[in-house]
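Q: Mind having a look at this structure? Questions to follow.
Bear in mind these aren't lab numbers, they're just calculated from the coordinates by the rules spelled out. Please read these numbers as outputs of a predicted model, since none were measured by experiment. When we count neighbours, we look across all protein chains shown, and the Cβ atoms used for this are built from the backbone with ideal geometry, even at glycine.
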Amino acid sequence: MNRRQTIPKHLRYTIEDFNRQFPTDNACFEHLREQRFPDGIAYCQTCKQERQHHRIKGRPVYACDECLSQISPMAGTIFEHSSTSLRLWYYAMYLMASTRCGISAKQIQRETGVTYKTAWRMFRQIRSLLSESDMQLEGEAVEIDEAYFGGKRKGGGGRRLRTDKGENYKTVVVGVVERKGRVRAKTVPDSKSATLLETVREFVLPKSTVFTDEYISSLLSG
């Protein structure tokens with residue numbers, strides 16, 4: 001039975017796509033370099049300014065065109081000082097990012113052929129990046145709303161919260177969603193305008209357009 005594809009076309013990324021984009025270690029390295037030093041331009045600690053850098057043949061480093069000081073795209077990343085193939089790192093990241101129900105270090109070991117000790121180290125470091133709390137949403141349109149969980153509503157209705165921290169106390173959760181994209185959620189102490197605005201600033205880039213409902217705190221935060 002054919003099942004309807006639920007992932008939007010522009011968000012689909014298959015193993016064929018991965019193999020096409022990252023066929024070799026060098027392809028992964030150049031991708032990393034472009035992410036960290038776009039067009040080969042990076043800050044030179046010796047020249048104390050932005051300089052063009054060029055790749056040194058046979059080595060995973062770039063040298064400043066002026067003073068020849070060397071820098072590496074892998075410095076300060078989870079790949080630094082690792083003897084594991086960069087493509088295996090990229091493949092492990094692909095597995096962890098594309099598996100909906102999660103993946104174990106043991107599966108990374110089976111898929112990549114590295115030792116379990118290495119697979120566990122890769123798993124822990126990649127997971128730490130996937131769960132970073134400072135990652136912001138950058139879609140053109142972002143929606144935000146709040147929800148209330150736990151306890152019982154005072155008087156049987158309404159949005160009002162109990163403040164006695166007892167059984168009737170509700171937890172406020174703010175959700176921020178990119179349209180056709182990622183989701184972020186966070187528990188907050190209340191649903192006041194200042195709290196909601198702080199959450200928007202934390203999760204959303206300034207260039208994004210924020211959509212919300214007509215709840216008064218949301219309107220005042222706009």
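Q: Using the Karplus curve 6.51 cos²θ - 1.76 cosθ + 1.60 with θ = phi - 60°, work out ³J(HN,Hα) for each residue of region 18-32 in order, rounded to whole Hz, and write x for Gly and Pro.
A: Once θ is set to phi - 60°, the couplings for region 18-32 become 4, 5, 6, 7, 10, x, 9, 4, 5, 5, 5, 5, 5, 5, 4 Hz.
Q: Further question on the same structure: Hey, what do the phi angles of region 67-82 turn into as Karplus ³J(HN,Hα) couplings, whole Hz, using 6.51/-1.76/1.60 and θ = phi - 60°, x for Gly and Pro?
A: My calculation for region 67-82 gives 10, 6, 5, 9, 9, 10, x, 8, 5, x, 10, 5, 8, 5, 6, 8 Hz in order.
Q: Still on this structure: Which cross-chain or sequence-distant (5 or more) residues have an amide H under 5 Å from the amide H of S69, H modelled 1.01 Å from N in plane?
A: Here the answer is C64, since their amide H atoms fall under 5 Å of that of S69.
Q: Give the residue list of trypsin sites (Lys or Arg not before Pro) in region 35-73 that are DSSP loop and have at most 11 other beta-carbon atoms within 10 angstrom.
A: For trypsin sites (Lys or Arg not before Pro) across region 35-73 that sit outside H, G, I, E and B with at most 11 neighbouring Cβ atoms in 10 Å, the list reads K48, K57.
Q: Return the long-range amide H neighbours of S82 (sequence gap of 5 or more, or a different chain), with a cut-off of under 5 Å between placed amide H atoms.
A: none
Q: Please give, to one decimal in nm, the separation of the simple spin-label points placed at Q52 and T14, each 7 Å out from Cα toward the Cβ.
A: 4.0
Q: Test of understanding: what is the full-extension gain from Y148 to H81, defined as 0.36 nm times their sequence separation minus their Cα-Cα distance?
A: Using 0.36 nm per residue and subtracting the Cα-Cα distance, I get 19.5 nm.
Q: For D145, which sequence-distant residues (separation of 5 or more, or a different chain) have an amide H within less than 5 Å of its own amide H, given hydrogens modelled in the peptide plane?
A: Those qualifying (amide H under 5 Å, at least 5 residues apart or on another chain) are G175.
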